[in-house]
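Visitor: My questions will all concern the structure given below.
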Amino acid sequence: MVFNLLEIRFLNVGHGSSAVISFYSGNEAAHGVVDSAWNRAPVPKALTVLQNLGATKLSFVCLTHPHADHYGGLSQILQTFDQKIDQFYTCPMGDLFLNRPRLRKLAVYLKQVLARTDSRSIRQSTQEFLQILRWGDSNSSRWIECAGEENRLAPTGFSPVEILSILPPRFAKGNIISRIESEDPMILGNINENDLSLCLRLTYAGTSIIIGGDATKSNWDFRERFERNSGRDIASQVVNIPHHGSKYDNPQPVLDRLFLKSGDRYGVTSANGQSHPHPETIFAISQMGVDPYCTNLMPPCGANVSKLAPIKGVDPSLARLIRESAEDSGEMQPCQGDILVRVTADGVLTVTPEFDAFCSYRRGASARLTPQS
């Protein structure tokens, strides 16, 4: 009997998102990566994980949308594997490699940003995006832009796994084209790029997993109309909560559609100890009976970086310096850390965190606090 196994590693990258996906069939292994993040490290964590897994090639790389906390360090992954990447899936970017004038216009704008800014972070993110575009220009046959209600993706080695891109809707493609053509000065890094964000749904052995990118409430609302008209349901057992657990993009109606109504369900989110996940999102899924798995602490659980400023007796300017230094230090105050999701060929689902930290928002939490007789 051939041993088959699907693994998804949601990585602890602080303010950002990154996942490594692997499928094992007998002695064969296929690997892919969804998004990356610098996390102030010289090597992106996804690349380290891939190397530790012994990956020598990638079936796919996926960039959900052009925000630096999702593509930071991705160029290192592209350079490391280069000609050994089968496909590059991305959100709609205006068919850049079919429309050379549009590509040149975007490249000229990005170079102007580099010339005008003294910000290290803006320069780094702009140079990174230019490097990704250069790789795409040299590998345009492998560059696949996804938009539409459901696109079936077929990366090498993942044939037993159904992989669908379920967002963004088709009209997102027109939005990015018009912004490039009008030379929108906020084309890179603006919050509106979240409307471009890809969302993937993987199904294997009867278990479905959603990887949400920064998909927005407006797009989920559009998706709901499609589901109502088509009878297609995306409710899943495991959901990488969209937009890092944002309160606005995860209202109760969205959460109700993302998760199955009953059974063992898990909500996975990256966390930076400050802005995400929003506590109300975690409270909401907990009330639904969904077990939350946050990579790092959120403020109600003890994260305190944002509380360093008002220290009694400390000069305000010094307190500000302390806070800014702490926020830039890379300290992530890990809670669950990296989160490994496994699905076996017979449909057994396990979710294993790097750290077995107690979570009061999970089912059975009170039982763990009750002394055994």
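Visitor: Scan segment 35-72 residue by residue and report those that are touching a Gly at 6+ places or on another chain (Cβ under 9 Å) and of a type in the set (Gly, Ala, Ser).
Guide: Within segment 35-72, SER36, ALA37, ALA41, ALA46, SER59, ALA68, GLY72 meet the criteria.
Visitor: Next question, about the same structure. If you take the residues in segment 74-98 that are acidic (Asp, Glu) and outside any strand (DSSP E or B), which one is modelled with the highest pLDDT?
Guide: Step one: of segment 74-98, the residues acidic (Asp, Glu) are 82, 86, 95.
Checking the rest, the ones that are also outside any strand (DSSP E or B) come to 82, 95.
Working: ASP82: 95, ASP95: 89.
So the residue we want is ASP82.
Visitor: Here is a check on your reading of the model: is TYR109 closer than 16 Å to HIS67 by Cα and either surrounded by fewer than 18 Cβ atoms within 10 Å (Cβ to Cβ) or under 20 Å from the mean Cα position of the chain (by Cα) (or both)?
Guide: Details: closer than 16 Å to HIS67 by Cα: no; either surrounded by fewer than 18 Cβ atoms within 10 Å (Cβ to Cβ) or under 20 Å from the mean Cα position of the chain (by Cα) (or both): yes.
Against the criterion (closer than 16 Å to HIS67 by Cα and either surrounded by fewer than 18 Cβ atoms within 10 Å (Cβ to Cβ) or under 20 Å from the mean Cα position of the chain (by Cα) (or both)), TYR109 does not qualify.
Visitor: Which condition number does ARG179 fail, the rest of (1) in contact (Cβ under 8 Å) with a residue 24 or more places away in the chain; (2) within 30 Å of LYS111 (Cβ to Cβ); (3) surrounded by 14 or more Cβ atoms within 10 Å (Cβ to Cβ); (4) not small (Gly, Ala, Ser) being met?
Guide: The failed condition is (1).
To keep it simple, each residue is scored yes or no on (1) acidic (Asp, Glu); (2) more than 23 Å from ARG9 (Cβ to Cβ); (3) surrounded by fewer than 16 Cβ atoms within 10 Å (Cβ to Cβ).
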| site | (1), (2), (3) |
| --- | --- |
| SER218 | no, yes, yes |
| GLU224 | yes, yes, yes |
| ASN229 | no, yes, yes |
| ILE241 | no, no, no |
| GLN252 | no, yes, yes |
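Visitor: Moving on to the next point. Of the conditions (1) closer than 26 Å to SER22 by Cα; (2) touching a Lys or Arg at 6+ places or on another chain (Cβ under 6 Å), CYS146 fails just one. Which one is it?
Guide: (2)
Visitor: Continuing with the same structure: Under 9 Å between Cβ atoms, at least 6 apart or on separate chains: pull out the pairs that start in segment 352-363 with a residue that is farther than 11 Å from PRO292 by Cα and end on any residue that is surrounded by 12 or more Cβ atoms within 10 Å (Cβ to Cβ) and of a type in the set (Lys, Arg).
Guide: Close Cβ pairs satisfying both conditions: THR352/ARG342.
Visitor: Quick check on segment 50-73: of everything there that is in contact with a Pro (Cβ under 8 Å, 6 or more places away or on another chain) and modelled with pLDDT of 95 or more, which residue is surrounded by the fewest Cβ atoms within 10 Å (Cβ to Cβ)?
Guide: Going residue by residue through segment 50-73, those that are in contact with a Pro (Cβ under 8 Å, 6 or more places away or on another chain) are 59-60, 72-73.
Filter once more, so that each one left must be modelled with pLDDT of 95 or more: 59-60.
Working: SER59: 22, PHE60: 24.
Restricting to residues being in contact with a Pro (Cβ under 8 Å, 6 or more places away or on another chain) and modelled with pLDDT of 95 or more, the top hit is SER59.
Visitor: Checking the conditions here, which among SER178, SER246, SER159, SER197 is farther than 18 Å from ALA19 by Cα and within 15 Å of the chain's Cα centre (by Cα)? Please lay out each step first, then the result.
Guide: Details: SER178 fails: within 15 Å of the chain's Cα centre (by Cα); SER159 fails: within 15 Å of the chain's Cα centre (by Cα); SER197 fails: farther than 18 Å from ALA19 by Cα.
SER246 is the lone residue from the list that is farther than 18 Å from ALA19 by Cα and within 15 Å of the chain's Cα centre (by Cα).
Visitor: Here's something else I'd like to know. Of the residues HIS65, HIS15, which single one is farther than 22 Å from TYR293 by Cβ, in a loop (DSSP other than H, G, I, E, B), out of contact with any strand residue (DSSP E or B) (no Cβ under 8 Å at 6 or more places or on another chain) and not acidic (Asp, Glu)? Working first, answer last.
Guide: Values: HIS15 fails: farther than 22 Å from TYR293 by Cβ.
When all the criteria are applied, what remains is HIS65.
Visitor: Suppose we filter PRO277, PRO310 for residues that are in a loop (DSSP other than H, G, I, E, B) and modelled with pLDDT under 75; which single one remains? Steps first, answer last, please.
Guide: Working: PRO277 fails: modelled with pLDDT under 75.
Going through PRO277, PRO310 in turn, just one is in a loop (DSSP other than H, G, I, E, B) and modelled with pLDDT under 75: PRO310.
Visitor: Determine whether segment 45-53 contains at least one residue that is part of a loop (DSSP other than H, G, I, E, B), within 21 Å of ASN272 (Cα to Cα) and without any contact (Cβ under 8 Å) to a residue 12 or more places away in the chain.
Guide: Within segment 45-53, the subset part of a loop (DSSP other than H, G, I, E, B) is 53.
Narrowing the set further to residues that are within 21 Å of ASN272 (Cα to Cα) leaves none.
No; the residues of segment 45-53 include none that is part of a loop (DSSP other than H, G, I, E, B), within 21 Å of ASN272 (Cα to Cα) and without any contact (Cβ under 8 Å) to a residue 12 or more places away in the chain.
Visitor: Just one of the numbered conditions (1) under 24 Å from ALA19 (Cα atoms); (2) modelled with pLDDT under 95; (3) hydrophobic (A, V, I, L, M, F, W, C) is not true of VAL268; which one?
Guide: Status for VAL268: all satisfied but (2).
Visitor: Could I ask something else about it? Can you work out which of the residues in segment 151-176 that are within 15 Å of LEU202 (Cα to Cα) and in contact with a helix residue (DSSP H, G or I) (Cβ under 9 Å, 6 or more places away or on another chain) is surrounded by the most Cβ atoms within 10 Å (Cβ to Cβ)?
Guide: LEU167
Visitor: Go through (1) outside any helix (DSSP H, G or I); (2) touching a residue at least 12 places away in the same chain (Cβ under 8 Å) one by one and return the number of the condition PRO42 breaks.
Guide: Unmet condition: (2).
Visitor: Looking at (1) more than 17 Å from GLN124 (Cα to Cα); (2) of a type in the set (A, V, I, L, M, F, W, C); (3) out of contact with any strand residue (DSSP E or B) (no Cβ under 7 Å at 6 or more places or on another chain); (4) modelled with pLDDT under 95, which is the only condition LEU47 fails?
Guide: Unmet condition: (4).
Visitor: Also, quick follow-up: Would you please list the contacts, defined by Cβ atoms under 6 Å and residues six or more apart or on different chains, that run from a residue in segment 327-351 that is on the phi > 0 side of the Ramachandran plot to a residue that is among the acidic types (Asp, Glu) and modelled with pLDDT of 95 or more?
Guide: Sorted first by the residue in segment 327-351, then by its partner, the pairs are GLY337/GLU354.
Visitor: Among the residues of segment 145-165, what is the count of those that are closer than 22 Å to HIS67 by Cβ and modelled with pLDDT under 95?
Guide: Final tally of qualifying residues: 5.
Visitor: Against the condition in a loop (DSSP other than H, G, I, E, B) and either of a type in the set (Ser, Thr, Tyr) or in contact (Cβ under 8 Å) with a residue 60 or more places away in the chain (or both), how does ILE282 come out, does it pass?
Guide: Criteria not met by ILE282.
Visitor: Of the conditions (1) crowded, with 20+ Cβ neighbours inside 10 Å; (2) within 23 Å of the chain's Cα centre (by Cα), LEU103 satisfies every one except a single condition; which number is it?
Guide: (2)
The values are calculated or read from the model by the stated rules, or taken from the named source; none is laboratory data. Owing to the predicted nature of the structure, the values given are computational and were not obtained by experimental measurement. Virtual Cβ from ideal backbone geometry, glycine too; neighbours counted across all protein chains shown.
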